[in-house]
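**Student:** Right, I'll just put the structure down here and ask away after.
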Amino acid sequence: MKNTLVIDLDRCSGCDSCVAACKMENQMNLGVVRNHVSAIGPTGTFPDIEMYWLPMQCQQCENPGCIEVCPTGASYRDEETGIVLVNAEDCIGCESCLTGCPYGVRQMNPKTNTIEKCTLCFQRKNDENWVPACVHNCCCGARYFGDLDDPNSEVSKLIAEREWEQLLPEQGTNPSVYYLK
């Protein structure tokens, strides 16, 4: 099973409903986020100007640098789902994983002194129709979640039909987040 997040950049409006849904679902402290949306642009010269929004969260890498550098094993990959997680009980707050992540999507929670990151709402994995809160609450229909190993899943079909890219391919992490162009 390869749980995958697919984001259609043409549909994302930068509304931050994914950010709000994540904060509510995970009851995060003020100032702590597990995802964010950045405005990219505008670029170009009038009249050929382009701007888009880039949602960012843990890329759920197949070869995660954050796990490699974690001295306690607090950062790990769930074998069944492939999701990269942090065991808060084992996290010593050393921030090694922050430097091991080329995407800059991990964050120290100042109240708990532990690292937090997107888990694709792993706590919902036993729900019949497991979908992360950011996907469920995306008002523009820009986010999709499913098993990339299932050729009949919506994410597999989107990847097969559309142009896409993964962030920082030169890092060799092989992210499980795909951005549709």
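The values are calculated or read from the model by the stated rules, or taken from the named source; none is laboratory data. What you are looking at is a predicted structure, and each value in this text was computed from that prediction instead of being measured. So basically every Cβ, Gly included, is an ideal-geometry build from the backbone, and we count neighbours across all protein chains shown. Quick note on the areas: whole protein, heavy atoms, side chains included, nothing else; ligands and nucleic acids left out. Shrake-Rupley method; radii C 1.70, N 1.55, O 1.52, S 1.80 Å.
**Student:** Looking at the structure I just gave you, is Val135 at pLDDT 95 or above, surrounded by 16 or more Cβ atoms within 10 Å (Cβ to Cβ), outside any helix (DSSP H, G or I) and among the β-branched types (Val, Ile, Thr)?
**Tutor:** So Val135 fails the test.
**Student:** Also: Just one of (1) open to solvent by 60 Å² or more (accessible area, probe 1.4 Å); (2) assigned to a loop (DSSP other than H, G, I, E, B); (3) more than 22 Å from Val131 (Cα to Cα) trips up Gly73, so point out which.
**Tutor:** Just one mismatch for Gly73, condition (1).
**Student:** Something else: Report whether or not Thr114 is under 15 Å from the mean Cα position of the chain (by Cα) and more than 20 Å from Ser38 (Cβ to Cβ).
**Tutor:** Here the answer is no, as Thr114 does not meet what is asked.
**Student:** Oh, and also: Does segment 150-158 include one or more residues that are modelled with pLDDT of 95 or more, under 28 Å from Gln27 (Cβ atoms) and open to solvent by less than 30 Å² (accessible area, probe 1.4 Å)?
**Tutor:** yes
**Student:** Let me ask something else. Out of (1) part of a helix (DSSP H, G or I); (2) surrounded by 15 or more Cβ atoms within 10 Å (Cβ to Cβ); (3) free of Cβ contacts under 8 Å to residues at least 60 places away in the same chain, the odd one out for Glu170 is which?
**Tutor:** It fails just one condition, (2).
**Student:** With the checklist (1) outside any loop (DSSP other than H, G, I, E, B); (2) more than 17 Å from Val131 (Cβ to Cβ) in hand, flag the one item Gly14 doesn't pass.
**Tutor:** (1)
**Student:** Moving on. Could you please find all residues in segment 35-54 being touching a helix residue (DSSP H, G or I) at 6+ places or on another chain (Cβ under 7 Å) and loosely packed, with under 13 Cβ neighbours inside 10 Å?
**Tutor:** Across segment 35-54, there are no qualifying residues.
**Student:** For Ala21, indicate whether it is free of Cβ contacts under 8 Å to residues at least 60 places away in the same chain and open to solvent by less than 20 Å² (accessible area, probe 1.4 Å).
**Tutor:** When the stated conditions are applied, Ala21 does not pass them.
**Student:** Are there any pairs with C-beta distances below 9 angstrom linking a residue in segment 39-61 that is touching a residue at least 12 places away in the same chain (Cβ under 8 Å) to a residue that is acidic (Asp, Glu), with the two at least 6 apart or on different chains, and if so which?
**Tutor:** Ile40/Glu50; Tyr52/Asp10
**Student:** Is there a residue being buried (at least 18 other Cβ atoms within 10 Å of the Cβ), part of a loop (DSSP other than H, G, I, E, B) and out of contact with any strand residue (DSSP E or B) (no Cβ under 7 Å at 6 or more places or on another chain) anywhere in segment 55-64?
**Tutor:** No, there is no match, as no residue in segment 55-64 is buried (at least 18 other Cβ atoms within 10 Å of the Cβ), part of a loop (DSSP other than H, G, I, E, B) and out of contact with any strand residue (DSSP E or B) (no Cβ under 7 Å at 6 or more places or on another chain).
**Student:** Okay, next question. Exactly one of these conditions fails for Val32: (1) open to solvent by 20 Å² or more (accessible area, probe 1.4 Å); (2) assigned to a loop (DSSP other than H, G, I, E, B); (3) not basic (Lys, Arg). Give me its number.
**Tutor:** Tallying (1) open to solvent by 20 Å² or more (accessible area, probe 1.4 Å); (2) assigned to a loop (DSSP other than H, G, I, E, B); (3) not basic (Lys, Arg), Val32 fails exactly one: (1).
**Student:** With Glu95, Glu89, Glu80 as the choices, which residue is farther than 18 Å from Gln166 by Cα, touching a residue at least 40 places away in the same chain (Cβ under 8 Å) and either surrounded by fewer than 19 Cβ atoms within 10 Å (Cβ to Cβ) or not small (Gly, Ala, Ser) (or both)?
**Tutor:** Checking each option against the conditions leaves just Glu80.
**Student:** Continuing with the same structure: Going through segment 103-121 one residue at a time, which ones are in a loop (DSSP other than H, G, I, E, B), open to solvent by less than 50 Å² (accessible area, probe 1.4 Å) and not β-branched (Val, Ile, Thr)?
**Tutor:** Correct list: Tyr103, Arg106, Lys117, Cys118, Leu120, Cys121.
**Student:** Among the candidates Val6, Val19, Val33, single out the residue that is at pLDDT 95 or above, in contact with a Cys (Cβ under 9 Å, 6 or more places away or on another chain) and aliphatic (A, V, I, L, M).
**Tutor:** On inspection, the qualifying residue turns out to be Val19.
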